[in-house]
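Student: This is the structure I want to talk about, given as C-alpha coordinates.
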Amino acid sequence: MIDHGGHPVGNDPLLRLLGPGGCTVVSPGQHLCLQTQATGKLLHAAISRSKQWGGRVLVAGILMVVMVSGSLVGCGLADQGSSAGQGKANTPAGTITEFAVPTPKSGPAEITAGPDGNLWFTESLGNQIGRITPTGTITEFAVPTPESFLNGITAGPDGNLWFTDIADSQIGRITPAGKLTQFALPTPKSSPEGIAAGPDGNLWFTEADGNQIGRITPTGKLTEFALPTPKRNPTRITAGPDGNLWFTEADGNQIGRITPTGKLTEFPVPTPGSFLSGITTGPDGNLWFTEMAGNTIGRITPAGQITEFSLPTPHSTPVGITAGPDGNLWFTEAGGQIGRITPAGQITEFPLPTPASAPEGITAGPDGNLWFTQALNQIGRITSGT
(Lines give C-alpha, C1' and ligand atoms only; values in the text may rest on other atoms or scores of the structure.)
Protein backbone atom coordinates (compact mmCIF):
# COMPACT_ATOMS: atom_id res chain seq x y z
CA MET A 1 0.00 0.00 0.00
CA ILE A 2 1.05 3.59 -0.55
CA ASP A 3 0.41 6.93 1.09
CA HIS A 4 -0.93 10.00 -0.68
CA GLY A 5 2.53 10.74 -1.98
CA GLY A 6 2.94 7.29 -3.53
CA HIS A 7 5.29 5.98 -0.84
CA PRO A 8 4.90 2.46 0.64
CA VAL A 9 3.70 2.37 4.26
CA GLY A 10 5.37 -0.95 5.06
CA ASN A 11 4.29 -4.48 5.87
CA ASP A 12 1.51 -3.41 8.21
CA PRO A 13 -0.62 -6.51 8.94
CA LEU A 14 -3.71 -4.49 9.79
CA LEU A 15 -3.38 -2.56 6.56
CA ARG A 16 -2.98 -5.86 4.75
CA LEU A 17 -6.16 -6.95 6.49
CA LEU A 18 -8.10 -4.26 4.60
CA GLY A 19 -7.05 -5.64 1.22
CA PRO A 20 -6.14 -3.64 -1.89
CA GLY A 21 -6.62 0.07 -1.59
CA GLY A 22 -4.85 3.32 -0.84
CA CYS A 23 -3.51 4.83 2.37
CA THR A 24 -3.26 8.45 3.38
CA VAL A 25 -1.21 9.78 6.27
CA VAL A 26 -3.62 11.66 8.52
CA SER A 27 -1.18 12.36 11.35
CA PRO A 28 2.23 11.05 12.46
CA GLY A 29 1.88 7.33 13.06
CA GLN A 30 -1.67 7.08 11.65
CA HIS A 31 -2.83 6.03 8.19
CA LEU A 32 -6.30 6.20 6.67
CA CYS A 33 -6.74 3.13 4.45
CA LEU A 34 -9.58 2.54 2.03
CA GLN A 35 -10.72 -0.74 0.53
CA THR A 36 -12.62 -0.38 -2.75
CA GLN A 37 -14.23 -2.54 -5.38
CA ALA A 38 -12.98 -2.47 -8.95
CA THR A 39 -15.69 0.11 -9.66
CA GLY A 40 -14.20 2.37 -7.01
CA LYS A 41 -17.09 1.93 -4.57
CA LEU A 42 -15.87 2.23 -0.99
CA LEU A 43 -16.34 -0.92 1.09
CA HIS A 44 -14.80 0.20 4.34
CA ALA A 45 -11.99 2.20 5.79
CA ALA A 46 -9.88 2.14 8.90
CA ILE A 47 -7.23 4.14 10.65
CA SER A 48 -4.25 2.12 11.77
CA ARG A 49 -1.98 3.22 14.59
CA SER A 50 1.57 2.39 13.60
CA LYS A 51 5.18 3.36 14.04
CA GLN A 52 8.01 3.05 11.56
CA TRP A 53 10.94 1.10 12.96
CA GLY A 54 13.90 -0.29 11.08
CA GLY A 55 12.21 -0.03 7.70
CA ARG A 56 8.94 -1.68 8.70
CA VAL A 57 5.71 -0.54 10.29
CA LEU A 58 4.89 -1.73 13.79
CA VAL A 59 1.19 -1.96 14.46
CA ALA A 60 -0.55 -1.77 17.81
CA GLY A 61 -4.11 -2.00 16.51
CA ILE A 62 -6.89 -0.61 14.39
CA LEU A 63 -7.96 2.79 15.60
CA MET A 64 -11.35 2.91 14.02
CA VAL A 65 -13.63 1.47 11.39
CA VAL A 66 -15.30 4.43 9.80
CA MET A 67 -17.28 3.25 6.79
CA VAL A 68 -19.18 0.17 5.69
CA SER A 69 -20.57 -0.04 2.15
CA GLY A 70 -19.94 3.65 1.64
CA SER A 71 -22.00 4.71 4.66
CA LEU A 72 -20.25 6.78 7.33
CA VAL A 73 -20.29 5.05 10.72
CA GLY A 74 -17.99 7.28 12.73
CA CYS A 75 -14.80 9.23 12.71
CA GLY A 76 -12.69 10.63 15.50
CA LEU A 77 -9.04 11.49 15.21
CA ALA A 78 -8.82 13.57 18.37
CA ASP A 79 -8.76 12.25 21.92
CA GLN A 80 -12.25 11.84 23.32
CA GLY A 81 -13.56 12.91 26.68
CA SER A 82 -14.47 10.56 29.52
CA SER A 83 -17.14 10.05 32.09
CA ALA A 84 -16.25 9.18 35.65
CA GLY A 85 -17.96 6.99 38.19
CA GLN A 86 -17.35 3.62 39.75
CA GLY A 87 -19.06 0.44 38.60
CA LYS A 88 -21.14 -1.21 41.31
CA ALA A 89 -22.02 -4.80 41.99
CA ASN A 90 -25.40 -5.94 40.59
CA THR A 91 -25.39 -3.16 37.97
CA PRO A 92 -27.00 -4.56 34.78
CA ALA A 93 -24.51 -5.95 32.29
CA GLY A 94 -23.31 -3.49 29.68
CA THR A 95 -23.02 -0.25 31.65
CA ILE A 96 -19.93 1.47 30.23
CA THR A 97 -17.67 4.14 31.72
CA GLU A 98 -14.66 5.71 29.99
CA PHE A 99 -11.58 7.31 31.57
CA ALA A 100 -9.21 9.59 29.61
CA VAL A 101 -5.50 8.72 29.77
CA PRO A 102 -3.50 11.78 30.97
CA THR A 103 -0.85 11.65 28.23
CA PRO A 104 -2.32 12.68 24.84
CA LYS A 105 -2.07 10.22 21.95
CA SER A 106 -0.46 7.55 24.14
CA GLY A 107 -2.15 4.67 22.35
CA PRO A 108 -3.26 2.29 25.14
CA ALA A 109 -2.80 -1.27 23.87
CA GLU A 110 -3.12 -4.22 26.29
CA ILE A 111 -4.41 -4.42 29.87
CA THR A 112 -4.26 -6.87 32.79
CA ALA A 113 -5.33 -7.15 36.41
CA GLY A 114 -2.43 -6.52 38.78
CA PRO A 115 -1.57 -8.14 42.13
CA ASP A 116 -2.27 -4.83 43.90
CA GLY A 117 -5.98 -4.67 43.07
CA ASN A 118 -5.48 -2.24 40.17
CA LEU A 119 -5.45 -2.56 36.39
CA TRP A 120 -2.20 -2.12 34.45
CA PHE A 121 -1.87 -1.26 30.76
CA THR A 122 0.71 -0.53 28.09
CA GLU A 123 0.91 2.73 26.14
CA SER A 124 2.27 1.80 22.72
CA LEU A 125 2.91 5.37 21.61
CA GLY A 126 3.26 7.04 25.01
CA ASN A 127 6.22 4.84 25.98
CA GLN A 128 4.72 4.34 29.42
CA ILE A 129 3.09 1.73 31.63
CA GLY A 130 -0.22 2.90 33.04
CA ARG A 131 -2.02 1.94 36.23
CA ILE A 132 -5.69 2.63 36.88
CA THR A 133 -7.53 2.05 40.13
CA PRO A 134 -11.07 0.60 40.16
CA THR A 135 -12.28 4.16 40.85
CA GLY A 136 -10.53 5.50 37.74
CA THR A 137 -7.37 7.20 39.05
CA ILE A 138 -4.56 6.83 36.49
CA THR A 139 -0.80 6.89 37.13
CA GLU A 140 1.82 6.56 34.39
CA PHE A 141 5.39 5.24 34.60
CA ALA A 142 7.89 6.15 31.88
CA VAL A 143 9.91 3.31 30.34
CA PRO A 144 13.68 4.06 30.19
CA THR A 145 14.10 2.97 26.56
CA PRO A 146 12.72 5.66 24.21
CA GLU A 147 10.21 4.75 21.47
CA SER A 148 9.96 1.19 22.72
CA PHE A 149 6.44 0.53 21.36
CA LEU A 150 5.02 -1.41 24.31
CA ASN A 151 2.39 -4.08 23.72
CA GLY A 152 1.45 -7.12 25.82
CA ILE A 153 1.25 -7.10 29.63
CA THR A 154 0.47 -9.70 32.32
CA ALA A 155 0.78 -10.27 36.04
CA GLY A 156 3.70 -12.51 36.92
CA PRO A 157 4.07 -15.19 39.62
CA ASP A 158 6.56 -12.94 41.42
CA GLY A 159 4.02 -10.21 42.22
CA ASN A 160 5.22 -7.90 39.43
CA LEU A 161 3.88 -6.94 36.00
CA TRP A 162 5.65 -8.15 32.85
CA PHE A 163 5.34 -6.55 29.42
CA THR A 164 6.69 -6.72 25.88
CA ASP A 165 8.72 -4.09 24.02
CA ILE A 166 8.29 -4.67 20.29
CA ALA A 167 10.74 -2.14 18.87
CA ASP A 168 13.68 -3.02 21.12
CA SER A 169 12.97 -6.76 21.35
CA GLN A 170 12.90 -6.69 25.13
CA ILE A 171 10.80 -8.06 27.96
CA GLY A 172 10.09 -5.57 30.72
CA ARG A 173 9.22 -5.96 34.38
CA ILE A 174 7.60 -3.33 36.60
CA THR A 175 6.92 -3.62 40.31
CA PRO A 176 3.62 -2.35 41.78
CA ALA A 177 5.72 0.57 43.11
CA GLY A 178 6.84 1.45 39.56
CA LYS A 179 10.43 0.15 39.47
CA LEU A 180 11.34 -0.95 35.93
CA THR A 181 13.78 -3.58 34.62
CA GLN A 182 14.27 -4.69 31.02
CA PHE A 183 15.72 -7.89 29.54
CA ALA A 184 17.05 -8.03 25.96
CA LEU A 185 16.04 -11.08 23.91
CA PRO A 186 18.69 -13.36 22.39
CA THR A 187 17.18 -12.89 18.91
CA PRO A 188 17.37 -9.25 17.71
CA LYS A 189 14.38 -7.71 15.92
CA SER A 190 12.15 -10.58 17.06
CA SER A 191 9.25 -8.27 17.99
CA PRO A 192 7.75 -9.78 21.17
CA GLU A 193 4.01 -9.13 21.39
CA GLY A 194 1.74 -11.21 23.65
CA ILE A 195 2.82 -12.40 27.11
CA ALA A 196 1.25 -14.65 29.76
CA ALA A 197 2.15 -16.35 33.02
CA GLY A 198 2.70 -20.08 32.59
CA PRO A 199 1.85 -23.02 34.85
CA ASP A 200 5.57 -23.59 35.42
CA GLY A 201 6.15 -20.31 37.27
CA ASN A 202 7.68 -18.57 34.23
CA LEU A 203 6.47 -15.98 31.71
CA TRP A 204 5.81 -17.03 28.12
CA PHE A 205 5.62 -14.70 25.14
CA THR A 206 5.29 -14.62 21.36
CA GLU A 207 7.94 -13.31 18.95
CA ALA A 208 6.06 -12.16 15.85
CA ASP A 209 9.06 -11.50 13.61
CA GLY A 210 11.31 -14.05 15.29
CA ASN A 211 8.70 -16.75 14.59
CA GLN A 212 9.35 -18.14 18.04
CA ILE A 213 7.79 -18.64 21.44
CA GLY A 214 9.90 -17.30 24.29
CA ARG A 215 10.14 -18.15 27.99
CA ILE A 216 11.61 -15.96 30.71
CA THR A 217 12.07 -16.87 34.35
CA PRO A 218 11.27 -14.32 37.09
CA THR A 219 15.05 -13.83 37.40
CA GLY A 220 15.41 -13.00 33.69
CA LYS A 221 16.76 -16.22 32.15
CA LEU A 222 15.54 -16.48 28.55
CA THR A 223 14.84 -19.46 26.28
CA GLU A 224 13.39 -19.43 22.75
CA PHE A 225 11.54 -22.15 20.81
CA ALA A 226 11.26 -21.91 17.00
CA LEU A 227 7.89 -22.65 15.40
CA PRO A 228 7.73 -25.68 13.08
CA THR A 229 6.64 -23.59 10.06
CA PRO A 230 8.14 -20.24 8.96
CA LYS A 231 6.48 -16.81 8.93
CA ARG A 232 3.58 -17.71 11.21
CA ASN A 233 3.51 -14.36 13.06
CA PRO A 234 2.62 -15.65 16.55
CA THR A 235 0.62 -12.91 18.27
CA ARG A 236 -1.20 -13.57 21.57
CA ILE A 237 -0.63 -16.30 24.16
CA THR A 238 -2.40 -17.66 27.24
CA ALA A 239 -2.09 -20.46 29.79
CA GLY A 240 -4.43 -23.33 28.90
CA PRO A 241 -6.52 -25.59 31.12
CA ASP A 242 -4.31 -28.55 30.18
CA GLY A 243 -1.05 -27.22 31.65
CA ASN A 244 0.24 -25.97 28.28
CA LEU A 245 0.49 -22.55 26.61
CA TRP A 246 -1.76 -21.73 23.66
CA PHE A 247 -1.19 -18.97 21.10
CA THR A 248 -2.57 -17.47 17.90
CA GLU A 249 -0.73 -17.30 14.56
CA ALA A 250 -1.95 -14.24 12.65
CA ASP A 251 -0.32 -15.14 9.34
CA GLY A 252 -0.24 -18.91 9.87
CA ASN A 253 -4.01 -19.05 10.40
CA GLN A 254 -3.41 -21.61 13.11
CA ILE A 255 -3.75 -22.04 16.85
CA GLY A 256 -0.50 -23.18 18.44
CA ARG A 257 0.16 -25.18 21.61
CA ILE A 258 3.48 -25.44 23.41
CA THR A 259 4.24 -27.59 26.42
CA PRO A 260 6.36 -26.25 29.30
CA THR A 261 9.20 -28.37 27.88
CA GLY A 262 8.90 -26.72 24.45
CA LYS A 263 7.03 -29.29 22.35
CA LEU A 264 4.96 -27.49 19.69
CA THR A 265 1.72 -28.48 17.94
CA GLU A 266 -0.32 -26.42 15.46
CA PHE A 267 -4.03 -26.62 14.60
CA PRO A 268 -5.35 -25.02 11.35
CA VAL A 269 -8.41 -22.77 11.65
CA PRO A 270 -11.25 -23.67 9.22
CA THR A 271 -11.79 -20.13 7.89
CA PRO A 272 -8.86 -19.16 5.62
CA GLY A 273 -7.19 -15.79 6.08
CA SER A 274 -8.99 -15.13 9.36
CA PHE A 275 -6.10 -13.14 10.91
CA LEU A 276 -6.17 -14.49 14.46
CA SER A 277 -5.56 -12.17 17.39
CA GLY A 278 -6.58 -12.62 21.04
CA ILE A 279 -6.83 -15.90 22.95
CA THR A 280 -7.93 -16.87 26.46
CA THR A 281 -9.00 -19.87 28.52
CA GLY A 282 -12.75 -20.08 29.00
CA PRO A 283 -14.80 -21.27 31.98
CA ASP A 284 -15.81 -24.35 29.98
CA GLY A 285 -12.26 -25.75 29.83
CA ASN A 286 -11.70 -24.71 26.21
CA LEU A 287 -9.65 -21.95 24.55
CA TRP A 288 -11.45 -19.02 22.91
CA PHE A 289 -9.93 -16.72 20.30
CA THR A 290 -10.75 -13.85 17.94
CA GLU A 291 -10.61 -13.83 14.15
CA MET A 292 -10.20 -10.22 13.02
CA ALA A 293 -10.70 -10.73 9.28
CA GLY A 294 -13.03 -13.68 9.71
CA ASN A 295 -15.31 -11.56 11.95
CA THR A 296 -15.83 -14.57 14.18
CA ILE A 297 -15.08 -15.89 17.65
CA GLY A 298 -13.39 -19.26 17.69
CA ARG A 299 -13.35 -22.05 20.26
CA ILE A 300 -10.80 -24.85 20.39
CA THR A 301 -10.85 -27.81 22.75
CA PRO A 302 -7.58 -29.02 24.34
CA ALA A 303 -7.80 -31.91 21.85
CA GLY A 304 -7.80 -29.44 18.93
CA GLN A 305 -11.45 -29.44 17.78
CA ILE A 306 -12.41 -25.98 16.50
CA THR A 307 -15.83 -24.31 16.33
CA GLU A 308 -16.47 -20.80 14.95
CA PHE A 309 -19.24 -18.31 15.80
CA SER A 310 -19.99 -15.45 13.39
CA LEU A 311 -20.55 -11.99 14.87
CA PRO A 312 -23.86 -10.20 14.23
CA THR A 313 -22.20 -6.94 13.14
CA PRO A 314 -20.33 -7.12 9.80
CA HIS A 315 -16.73 -5.86 9.75
CA SER A 316 -16.70 -5.54 13.55
CA THR A 317 -13.07 -6.74 13.79
CA PRO A 318 -12.83 -8.64 17.11
CA VAL A 319 -9.41 -8.14 18.76
CA GLY A 320 -8.94 -8.93 22.46
CA ILE A 321 -10.80 -11.58 24.49
CA THR A 322 -10.98 -12.60 28.14
CA ALA A 323 -13.02 -14.76 30.51
CA GLY A 324 -15.52 -12.77 32.57
CA PRO A 325 -16.68 -13.24 36.16
CA ASP A 326 -20.17 -14.13 34.87
CA GLY A 327 -19.08 -17.38 33.21
CA ASN A 328 -19.00 -15.87 29.70
CA LEU A 329 -16.30 -14.60 27.34
CA TRP A 330 -15.95 -10.88 26.67
CA PHE A 331 -14.19 -9.37 23.67
CA THR A 332 -13.42 -6.05 22.02
CA GLU A 333 -14.57 -5.04 18.55
CA ALA A 334 -12.36 -2.42 16.92
CA GLY A 335 -15.46 -1.17 15.12
CA GLY A 336 -16.67 0.34 18.41
CA GLN A 337 -18.35 -2.32 20.55
CA ILE A 338 -17.73 -4.74 23.41
CA GLY A 339 -19.00 -8.25 22.77
CA ARG A 340 -20.07 -11.06 25.07
CA ILE A 341 -20.39 -14.71 24.08
CA THR A 342 -21.73 -17.52 26.24
CA PRO A 343 -20.03 -20.95 26.23
CA ALA A 344 -22.97 -22.09 24.09
CA GLY A 345 -22.23 -19.39 21.49
CA GLN A 346 -24.93 -16.78 22.16
CA ILE A 347 -23.54 -13.32 21.32
CA THR A 348 -24.52 -9.89 22.67
CA GLU A 349 -22.88 -6.60 21.62
CA PHE A 350 -22.69 -3.33 23.56
CA PRO A 351 -21.93 -0.10 21.61
CA LEU A 352 -19.40 2.24 23.23
CA PRO A 353 -20.28 5.82 24.23
CA THR A 354 -17.34 6.98 22.09
CA PRO A 355 -18.09 5.21 18.77
CA ALA A 356 -14.66 5.48 17.15
CA SER A 357 -12.48 4.84 20.21
CA ALA A 358 -11.24 1.45 18.92
CA PRO A 359 -11.24 -0.94 21.90
CA GLU A 360 -8.34 -3.38 21.86
CA GLY A 361 -7.14 -5.23 24.99
CA ILE A 362 -9.58 -6.51 27.63
CA THR A 363 -9.34 -8.19 31.04
CA ALA A 364 -11.46 -9.05 34.06
CA GLY A 365 -10.94 -6.64 36.95
CA PRO A 366 -10.92 -7.23 40.71
CA ASP A 367 -14.19 -5.29 41.01
CA GLY A 368 -16.28 -7.79 39.01
CA ASN A 369 -16.22 -5.63 35.87
CA LEU A 370 -14.40 -5.91 32.55
CA TRP A 371 -11.72 -3.34 31.72
CA PHE A 372 -10.46 -2.53 28.25
CA THR A 373 -8.16 -0.19 26.38
CA GLN A 374 -9.35 2.25 23.73
CA ALA A 375 -6.69 3.16 21.20
CA LEU A 376 -7.95 6.73 21.03
CA ASN A 377 -6.60 7.36 24.51
CA GLN A 378 -9.13 6.00 26.95
CA ILE A 379 -9.51 3.13 29.40
CA GLY A 380 -13.00 1.67 29.47
CA ARG A 381 -14.98 -0.29 32.04
CA ILE A 382 -18.09 -2.38 31.37
CA THR A 383 -20.20 -4.08 34.01
CA SER A 384 -20.64 -7.84 33.74
CA GLY A 385 -23.95 -7.98 35.59
CA THR A 386 -22.55 -10.00 38.48
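The values are calculated or read from the model by the stated rules, or taken from the named source; none is laboratory data. Keep in mind the model is a prediction, meaning the values are calculated, not measured. Reconstructed Cβ throughout: ideal geometry from the backbone, glycine too, with neighbour counts over all protein chains shown. Surface areas here come from the heavy atoms of the whole protein model, side chains and all, with no ligands, DNA or RNA. Shrake-Rupley method; radii C 1.70, N 1.55, O 1.52, S 1.80 Å.
Student: May I ask you to list the residues of the range 358-386 whose amide nitrogen lies under 12 Å from a point 7 Å from Cα along the Cα→beta-carbon direction of residue 348?
Tutor: Answer for the range 358-386: 383-386.
Student: How far apart, in nm, are the 7 Å Cα→Cβ label points at residue 133 and residue 301?
Tutor: The modelled label-to-label distance comes out at 4.7 nm.
Student: Treating only the Cβ of Lys, Arg, Asp and Glu as charged (+1, +1, -1, -1), what charge dipole size does the range 176-291 show about its Cα centre? Round to the nearest 20 debye.
Tutor: The calculation lands at about 340 debye.
Student: Let me ask you something else. For every other residue with a beta carbon closer than 13 angstrom to the beta carbon of residue 143, add +1 if it is Lys or Arg and -1 if Asp or Glu, then tell me the sum.
Tutor: -3
Student: For the range 116-121, what does the Karplus curve 6.51 cos²θ - 1.76 cosθ + 1.60, with θ = phi - 60°, yield as ³J(HN,Hα) per residue in whole Hz, taken in order and with x for Gly and Pro?
Tutor: 9, x, 10, 10, 10, 9
Student: Below 11 angstrom from the Cβ of residue 318, what's the summed charge of the other residues (Lys, Arg +1; Asp, Glu -1)?
Tutor: With Lys, Arg at +1 and Asp, Glu at -1, the net is -4.
Student: Then there is this: Going by accessible area, probe 1.4 Å, with all protein chains left in place, what is the ranking of 165, 326, largest first?
Tutor: 326, 165
Student: Using each residue's phi in the range 94-102, evaluate 6.51 cos²θ - 1.76 cosθ + 1.60 at θ = phi - 60° and report the 3J(HN,Hα) Karplus result to the nearest Hz, with x for Gly and Pro.
Tutor: Once rounded to whole Hz, the list reads x, 6, 10, 10, 10, 10, 6, 6, x.
Student: Sticking with this structure for a sec: Sorting check: for 303-314, 124-135, 288-299, which peptide has the highest mean count of neighbouring beta carbons within 10 Å, and how do the rest follow?
Tutor: 288-299, 124-135, 303-314
Student: Continuing with the same structure: Distance between Cα centroids, the range 174-227 to the range 113-136: provide it in whole Å.
Tutor: So the two Cα centres are separated by 19 Å.
Student: Along Cα→Cβ, 7 Å out, is where each label goes; now give me the distance between the ones at residue 229 and residue 95 in nm to one decimal.
Tutor: If labels sit at residue 229 and residue 95, their model points lie 4.7 nm apart.
Student: So how much accessible area does residue 137 have, in Å² to the nearest 10, using a 1.4 Å probe?
Tutor: Accessible surface of residue 137 is approximately 80 Å².
Student: Go through the range 250-265 residue by residue and turn each phi into a ³J(HN,Hα) via Karplus (6.51, -1.76, 1.60, θ = phi - 60°); whole Hz please, and just put x for glycine and proline.
Tutor: Once rounded to whole Hz, the list reads 5, 8, x, 6, 9, 9, x, 10, 10, 7, x, 8, x, 7, 10, 9.
Student: Something else about it: Report the net charge of residues surrounding residue 340, where surrounding means a beta-carbon distance below 9 angstrom and charges are Lys +1, Arg +1, Asp -1, Glu -1.
Tutor: Result for the neighbourhood of residue 340: -2.
Student: Take the alpha carbon atoms of the range 252-274, find their center, do the same for the range 331-347, and report the distance between the two centers in whole angstrom.
Tutor: Measuring centre to centre over Cα atoms gives 23 Å.
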